[in-house]
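Structure, as structure tokens:
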Amino acid sequence: YYCSCVGVEEHHAVDIDLYHCPNCAILHGPSLMKQRRNWHRHDYTELDDGSKPVQAGTRTFVKQLRARSFPSADEVILKMHGSQLTQRYLEKHGFDVPIMVPKLDGLGLRLPPPTFSVLDVERYVGGDKVIDVIDVARQADSKMKLHNYIKYFTNPDRPKVLNVISLEFSDTKMSELVEVPDIARKLSWVENYWPDDSVFPKPFVQKYCLMGVQDSYTDFHIDFGGTSVWYHVLWGEKIFYLIKPTDENLALYESWSSSVTQSEVYFGDKVDKCYKCVVKQGHTLFVPTGWIHAVLTSQDCMAFGGNFLHNLNIGMQLRCYEMEKRLKTPDLFKFPFFEAICWFVAKNLLETLKELREDGFQPPSYLVQGVKALLTALKLWMKKELVTEHAFEIPDNIRPGHLIKELSKVIRSVEEENNKPVKTQGILGVCPASRSSHGTASPHHSRRRVRKLRDHATKTPSNLDILELHTRAVLKRLEMSPWEEATNSKLNGRFNKPFQPSSTVPEWRSKDNDLRLLLSNGRIIRDERRPFTDRSLYTADSEDEDDRTRSKKTTVKTEDQTSGFEGEGNADTQKPLN
């Protein structure tokens, strides 16, 4: 039977030994329940002969965990005021260790008051919402209506330890009560790079409500997609067990995660150091990319948290994602559309790197290393033998072959200029205040920047500029990379683009593609222009009024130039082409 049809909670169903339907219950009494034979195994019906080890989450396990001693997390975490935790600070010093902020001040984090209860959560979210609930003693997931969980939470007599850690409430009224920390919003890939017109649904992973009763336990894990995470304890207390994401620890973690005896081995014992970090009421903890952590709820607790991807640890994020794939993590527990957002980010960071180079700035090293890691991943996903597996998450408005080619070119240019004396600058458009100088610009660069700024301030686009932009747009539409041609037939035309080179080029252009007018630094180097023979191609607005007037009065030395300007002299009398 479906549990909802017979009025049995999903997590209770596993405890029933012999089910009595309502009719039989009249004659034979209620359903017969399984008998408990141990307190240290996920299957509590196993005989306790002392031969089997303790499993994670059980009552015995939690009791032993509380009795263990650990090195203090004060050895590794940073403690700071909310106003100190800025994008500029993290870009300069990195986001490699957990950060504890004891007070809300300066974080930009808005939350309900500490008097906010689980009953208030039900009121704002809705009691009929089906949520994921973890049966801690079995480390098993089940579904339950929020109303039933709140009823369980408020009952002092709790036969089980049930934990809620994945209630994302962005689409509920409760979302209006919570604003995520400024730093999480400013760094977030989803906030900065996810386009509004994407065909993929926007990932909502920034607002979680965590409700756990005493002795709730979540075993060691890395947050999905290598996301960084913020936690704020509204009331109660949580204890984090933190492990650094060193190469050795990550290898041990992957091996432990894929082991059949995972629940019987405490991962903290396998590594060099596991740090204990107590997060009290009112404290906010930021856990960076890749940190392996377990969480114990030492007393009834409500916390808020959120996950975010960012530019500071791109390589580690991709490493965690690839590990998830090797471990065959179900999609339900992975970052939604992780590869799609990587394509969006790659497209945006390409523009960022180009802008930095044009302005004469050296991109920060964390960004260069991050883009290189991203480029490696994109190339891997586009390999012939893997492309069909990854094609689904390639956004329609992105040409993967062209993007990879352009990124490779920019990275090569950046690396070639690494030893040149140029200024460095933070990411454009995200945090202008974070620009910092790590080198001295040469007078040449300074003059070029001043000239560029002066030119931008005074000049309006000329007809040559407009023609260049138009030509680039046309060429972009006509372009098809070799990768796209090779893969076109395999992907059922997913990347097929209109390819009609000759039909879109005017006839007069196809006859003559040589350069006739060459300019350098605003001076004509070569002038071999020929006259237009087809006057219908001339438009009255193709040159400034004063230039046309000047062309009537000026005698040009070469015959080509003279005949070329004759056509312009009569242009005023012609009706312009739209």
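The values are calculated or read from the model by the stated rules, or taken from the named source; none is laboratory data. All figures in this text were calculated on a predicted structure; none of them were measured in a lab. FYI the Cβ positions are ideal-geometry reconstructions off the backbone, even for glycines, and counts take in every protein chain you see. We work out accessible area using only protein heavy atoms, side chains counted, and drop any ligands, DNA or RNA first. Shrake-Rupley method; radii C 1.70, N 1.55, O 1.52, S 1.80 Å.
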What ranking, highest mean first, results for peptides 45-54, 242-251, 31-40 when packing means the other Cβ atoms within 10 Å averaged over each residue?
242-251, 31-40, 45-54
What is the Å³ per residue value for the convex hull set by the Cα atoms of the stretch 241-291?
89
Considering only protein heavy atoms, what per residue accessible area in square angstrom results for the stretch 340-418 with a 1.4 angstrom probe?
43
Could you state the number of Å between the C-alpha centres of the stretch 343-407 and the stretch 99-145?
37
With each label point set 7 Å from Cα along the Cα-Cβ vector, what nm distance links residue 93 and residue 388?
5.1
Using label points projected 7 Å from each Cα along Cα→Cβ, tell me how many nm separate residue 24 and residue 471, to one decimal.
8.4
For the stretch 310-319, what does the Karplus curve 6.51 cos²θ - 1.76 cosθ + 1.60, with θ = phi - 60°, yield as ³J(HN,Hα) per residue in whole Hz, taken in order and with x for Gly and Pro?
7, 7, 6, 9, 4, x, 5, 4, 5, 5
A correct Karplus calculation of ³J(HN,Hα) over the stretch 382-396, with 6.51 cos²θ - 1.76 cosθ + 1.60, θ = phi - 60°, whole Hz and x for Gly and Pro, returns 9, 5, 3, 6, 10, 4, 5, 5, 9, 4, 4, 9, 7, x, 5
Taking every pair of alpha-carbon atoms in the stretch 90-214, what share in percent sits in each 5 Å bin, from 0 to the bin with the longest distance?
2, 8, 15, 18, 17, 15, 14, 7, 3, 1, 0
What figure, in Å² to the nearest 10, do you get for the accessible area of residue 333 with a 1.4 Å probe and non-protein molecules left out?
110
Based on the mean of other beta carbon atoms within 10 Å per residue, what is the order of 218-224, 148-154, most packed first?
218-224, 148-154
Just to check I understand the Karplus step: with θ = phi - 60° and J = 6.51 cos²θ - 1.76 cosθ + 1.60, what whole-Hz values come out for the stretch 227-237, glycine and proline as x?
5, 7, 9, 10, 10, 10, 8, 6, 8, x, 7
Starting from one equal scatterer on each C-alpha and no solvent at all, send me the Debye-based log10 I(q)/I(0) for the stretch 340-418 at q = 0.24, 0.26 Å⁻¹, two decimals.
-1.14, -1.29
For the ranges 172-185, 279-292, what's the packing order if you count other beta-carbon atoms within 10 Å of each residue, average per peptide, and put the highest first?
279-292, 172-185
Given the pairs 160/238; 129/151; 186/347; 173/207; 63/160; 202/280, which span a C-alpha to C-alpha distance of over 21 angstrom in this model?
202/280
Estimated FRET transfer efficiency (residue 123, residue 67; beta-carbon r; R0 35 Å; 0.05):
0.35
What is the distance, in nm, between label points placed 7 Å from the Cα along the Cα-to-Cβ direction at residue 1 and at residue 520?
8.9
Solvent-accessible area, 1.4 Å probe, carbon plus sulfur percent, for the stretch 188-309
45
